[in-house]
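For reference, the structure is listed below as structure tokens.
The values are calculated or read from the model by the stated rules, or taken from the named source; none is laboratory data. Everything numeric in this text was worked out from a predicted model, so none of it was measured. Don't worry about glycine lacking a Cβ; one is built from the backbone with ideal geometry, like all the others, and counts go over all protein chains shown. The area values use the complete protein model at the heavy-atom level, side chains included, leaving out ligands, DNA and RNA. Shrake-Rupley method; radii C 1.70, N 1.55, O 1.52, S 1.80 Å.
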Amino acid sequence: MSLDIHAECPTCGHRIGDQNITHNLVPLWKHLGIYEALYKSDGFCVEQVLPILREGLAKAKAEGVKALSRFDSTNGWGLAEHALPWLAKLVEAWAEAPVKAKVRVSG
């Protein structure tokens, strides 16, 4: 199972930052303080969620991949070394999205 998340343009319905990642990263997302923003934000506007994701990304960068690897899944599906670039890509895409774009979450 995995998290599917994207923003939806309010004018054309285009999917922005369409991303998918394993649920095995939930402990890492909780540590970074972004679990709710990723899993419980369906229907919110990007402008409400993006600041939280930015804070989590800043925390992740400050701690570093090596320190965050303590949250790595034991089965190898869900590693900090993959999660941080994934999060950075989502933040980058949503930074360019209309602020009223709606977050869509499934999974």
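Couple of notes before you dig in:
- Protein accessible area in the stretch 49-96, 1.4 Å probe - carbon and sulfur %: 57 percent
- Backbone amide hydrogens, once placed in the peptide plane, bring Phe44 within less than 5 Å of Val103, excluding anything fewer than 5 places away on its chain.
- Full-extension gain in nm, Tyr39 to Ala58, via 0.36 nm per residue minus C-alpha separation: 4.9 nm
- Taking every alpha-carbon pair under 8 Å whose residues sit at least 6 apart, the chain reaches a relative contact order of 45 percent.
- Cα→Cβ-extended label distance, 7 Å offset, between Glu92 and Lys66, nm: 2.4 nm
- Anchor Lys61: lysines whose Cα lies under 25 Å away (excluding residues fewer than 8 positions away in-chain): Lys30, Lys40, Lys89
- Cα long-axis angle, helix 46-63 against the chain (0 to 90 degrees, to the nearest 10): 20 degrees
- Counting only protein heavy atoms and using a 1.4 Å probe, the accessible area of Glu36 comes to about 110 Å².
- Accessible-area order (highest first, 1.4 angstrom probe) of the listed residues Thr22, Thr74, Thr11: Thr74, Thr11, Thr22
- Set of aspartates and glutamates with alpha-carbon distance to Lys102 below 12 Å, sequence-local pairs under 8 removed: Glu8, Asp42, Glu47
- Out of every Cα-Cα pair that the stretch 1-83 contains, those further apart than 19 angstrom amount to 40 percent.
- Residue-wise HN-Hα coupling along the stretch 96-107, computed from phi with Karplus coefficients 6.51, -1.76, 1.60 (Hz; x: Gly, Pro): 9, 7, x, 4, 8, 4, 8, 6, 10, 10, 8, x
- Taking the longest Cα principal axis of the chain as reference, the axis of helix 80-95 is set at about 20 degrees.
- Cβ-derived FRET efficiency at R0 41 Å, Asn75 paired with Val99, nearest 0.05: 0.60
- Total formal charge among the other residues, if their Cβ is under 11 angstrom from that of Arg104, Lys/Arg +1 and Asp/Glu -1: -2
- Ranked from largest to smallest solvent-accessible area, with a 1.4 Å probe on the protein heavy atoms, Val91, Val99 come out as Val99, Val91.
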